[in-house]
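To keep things clear, I will list the structure first and then write my remarks on it.
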Amino acid sequence: MTLTETKVKRDSMEKQSSSPLTKYTEFRHYTPKSLEEIPQVKKLDPEQRFEMKVVSRVLPFKVNQYVLNELIDWDNIPADPIFQLTFPQKGMLKDADFNAVADMLRNNAPSEELKKKVHEIRYTLNPHPADQMQLNVPKVNGERLPGVQHKYKETALFFPTSGQTCHAYCTFCFRWAQFVGINELKFASKEASQLVEYLRQHKEVSDILFTGGDPMVMKTRVFNRYLEPFLQSDLDHVQTIRIGTKAVAYWPQRFVTDSDADEFLRTIEKLVSNGKHVAIMGHYNHWVELETPIAREAIRRIRDTGAQIRTQSPLIRHINDDPEVWETMWRNQVRYGLIPYYMFVERDTGARNYFEVPLVEAWDIFRKAWMKVSGLGRTVRGPSMSASPGKVEVQGVTEVRGEKVIVLRFIQGRNPDWVERPFFAKYDQKASWLDQLQPAFNENKFFYEEEFEQVQAKAMAKAG
Ligand SMILES: *Cc1c(COP(=O)(O)O)cnc(C)c1O
Ligand code: SF4
């Protein structure tokens, strides 16, 4: 079906007002201020509501009515994965921090004092992991481009200014520093023209990845300003346009019933017919997000444009730390025409203690799910850590000459030459990030470490 036909079909569906596709045409969201106005929250007990209020002062909180009504099973609270994914939980803060904020709220502490405390706690949560700020901000004609991150030669990341929010927030998100108003840490970009200028000067870039927040919060009119330059011949070398988005799960209406949904899909169609590969990097954390009629319709309409959808998600305690969840998710993604791409390890930031899964367990979950899907689902790689030296995949646990080891490899490296060289860490059942691993065989350093330190020092000096 072409887009026009899709539109006709949609228009006729809109006439049936009970259609599941047109139930939520008006986007309505809730923030910490309106948390207690949520009908389902009103029914929770006062203690639980207070806990959520406390945590939402520190970590970002935002949901919308689609997530509330269609994705969360309110008969399964607090265990429901999407509830865990979007609602603040007591365990996400250290007891001392939780109690400090709770006391201040109970005693109606002056708002300045509360703000100061919250700010303090946030800064202890490592808001910018993996040196993103210092190491990866490039320059064009001597000027820094804070909206661009260029770490791996082929792929530049772009954070459009107007895409720094999302249709709902994930409680585990490492982008949280951008949402809670720590302005000096915010990656923001002034203009699409700067991006274009940078790309013109960097012919090695074959992929541009729009990310955020969520770039799909932008109106099509705004997003078009960033996308249309890729129709021009001076950006011929940029073959792939990737759009990282969670809207496919949190607000699939963006691709179906929003007033500018069709216009966005037409832009994608145009890019595709101009020879670009357009990849929607869909962020799905759990298979339930794929199963509503509107989520399926969004997938169908995106694929109709000639774009691909590749999928990625971190592995997160309380949300998807179960091989069956991944198996079902990958299996259904393949069935609906999506391409499983990455399983990430939860980053070293935010409410990490609550969400982290040790590397060895992560590998076990990955393997148990991977072994159950056919080869078409095995396009997925992981579990992968986006660490400062590169993307490091846990390949498995084995024994080499009597020593139990964890086998690792770079999928991406700050130096491309590091990729695909297996290396070994001492077996460690608790380690949950690269920096907690020690080299195996009593070696001092991993093979890349010395060079990485030099690269890092050089980049620091350059960033000034
Ligand atoms: C993951 C990532 C990319 C894209 O890497 P691919 O392996 O091509 O998906 C680009 N830049 C950064 C900083 C990344 O973390
Ligand atoms: S949608 Fe993406 S950027 Fe937004 S909160 Fe979730 S993980 Fe973070």
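On full extension, the segment bounded by residue 233 and residue 27 gains 70.4 nm, given 0.36 nm per residue less the C-alpha separation. Each residue of the range 276-289 was assigned a 3J(HN,Hα) from its phi angle through the Karplus curve 6.51 cos²θ - 1.76 cosθ + 1.60 (θ = phi - 60°); the sequence is 8, 8, 10, 10, 7, 8, x, 9, 10, 9, 8, 5, 4, 5 Hz, with glycine and proline shown as x.
Put the Cα centre of the range 390-425 next to the Cα centre of the range 198-269 and the gap is 34 Å.
For the chain, a simple Cβ point-charge model (Lys and Arg +1, Asp and Glu -1, everything else neutral) yields a dipole of about 640 debye relative to the Cα centre.
For the range 65-72, putting each phi into the Karplus relation 6.51 cos²θ - 1.76 cosθ + 1.60 with θ = phi - 60° gives couplings of 5, 5, 4, 4, 8, 10, 9, 8 Hz, in residue order, rounded to whole numbers and with x for Gly and Pro. Taken along the Cα-to-beta-carbon direction at a fixed 7 Å, the label points for residue 403 and residue 119 span 4.8 nm.
Going through the cross-link list 33/246; 203/445; 62/139; 43/94; 43/430; 246/391, which pairs have a Cα-Cα distance over 30 Å in this structure?
Flagged as over cut-off: 203/445; 62/139; 43/430.
Considering only beta bridges that DSSP places wholly inside the chain, some 50 percent are antiparallel. The trypsin sites (Lys or Arg not before Pro) of the range 349-405 meeting both criteria, a DSSP state outside H, G, I, E and B (loop) and at most 15 other C-beta atoms within 10 angstrom of the site's C-beta, are 372, 378, 401. By other beta-carbon atoms within 10 Å, ranking 321, 417 with the fewest at the front produces 417, 321.
When both bridge partners sit in the range 127-306, DSSP labels roughly 25% of those beta bridges antiparallel. Charge tally around residue 35: other residues with Cβ under 9 Å, Lys/Arg +1 each, Asp/Glu -1 each, net +1.
Taking a ≥ b ≥ c as the square roots of the Cα gyration tensor eigenvalues, with a/c under 1.5 meaning rounded and otherwise prolate when a/b beats b/c, else oblate, which class fits the chain?
Working: a/c = 1.32, a/b = 1.07, b/c = 1.23.
Rounded shape, in that the Cα axes give a/c under 1.5.
A simple count of charges around residue 112, restricted to other residues whose Cβ falls under 15 Å of its Cβ and scoring Lys, Arg +1 and Asp, Glu -1, yields +2.
Extension gain, residue 430 to residue 221: 0.36 nm times the residue separation minus the Cα-Cα distance gives 70.5 nm. When the pairs 116/219; 151/270; 23/219; 219/270 are compared against a 23 Å limit on Cα-Cα distance, 116/219; 151/270 fall above it.
With a simple spin-label model that places each label point 7 Å from the Cα along the Cα-to-Cβ direction, the separation between residue 45 and residue 206 comes to 5.8 nm.
Simple spin-label estimate for residue 143 and residue 372 gives 5.3 nm between the two label positions (7 Å along the Cα-to-Cβ direction from each Cα). Computed from phi, the 3J(HN,Hα) profile of the range 291-303 under the Karplus parametrisation 6.51, -1.76, 1.60 (θ = phi - 60°) reads 9, 7, x, 6, 5, 5, 5, 4, 4, 4, 5, 5, 5 Hz, with x in place of Gly and Pro. Among the cysteines of the chain, those whose beta-carbon sits 4.7 Å or more from every other cysteine beta-carbon are 166.
Here, each number is a calculation from the coordinates, and none is a lab measurement. Fair warning: this is a prediction, and the values are worked out from it, not measured in the lab. Heads up, the Cβs are rebuilt from the backbone with ideal geometry, glycines too, and the neighbour counts pull from every protein chain shown.
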